[in-house]
Amino acid sequence: MTMLSPLLSIEVSCDQVLQVTKTRLSQAGLSSVQTFDLNTARLGLHKCCCPNHGTEACDCQMIVLLVYGGAPEPETLILHGNNGQTWISIADFAVQRGDTKLVGRIRNVLEDIQRGKAYADL
């Protein structure tokens, strides 16, 4: 089972937060690979109503990044947003605990973003 507890909430669109997050991870010596984009996945669907908005027209977005930084396995970072708000979580897999050093480095990047050090880029 995977548990998601948002580490960060920002009043900015998910796509904007994604760009800043990827830049800040890179600057911290971490690499990221985007493995999922909800908007891209929905391109082939027609007449698909959003469970949050009840219409086809919505701004819901979910992006999954695998973050690498010297550990044998990556950490999974999830960005979820709608209505101009974005939540960032690190997936916590109960069967496999992540590398604490890598998680710490990711948390430091996210804390910098939360403290506003990256807001000038948004």
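The values are calculated or read from the model by the stated rules, or taken from the named source; none is laboratory data. Because the structure is predicted, anything quoted here is derived from the model rather than measured. A quick note on method: Cβ atoms are made from the backbone with ideal geometry, for glycine too, and the neighbour counts reach across all protein chains shown. SASA here: full protein model, heavy atoms, side chains in, ligands and nucleic acids out. Shrake-Rupley method; radii C 1.70, N 1.55, O 1.52, S 1.80 Å.
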*Just need a number here: residues in the range 84-122 that are modelled with pLDDT under 85 and exposed (fewer than 13 other Cβ atoms within 10 Å of the Cβ).*
9
*Under the condition of being open to solvent by 80 Å² or more (accessible area, probe 1.4 Å) and either within 30 Å of residue 102 (Cα to Cα) or touching a helix residue (DSSP H, G or I) at 6+ places or on another chain (Cβ under 6 Å) (or both), which residue from the range 40-72 is modelled with the highest pLDDT?*
68
*All but one of (1) open to solvent by less than 80 Å² (accessible area, probe 1.4 Å); (2) at pLDDT below 90 hold for residue 81; which doesn't?*
(2)
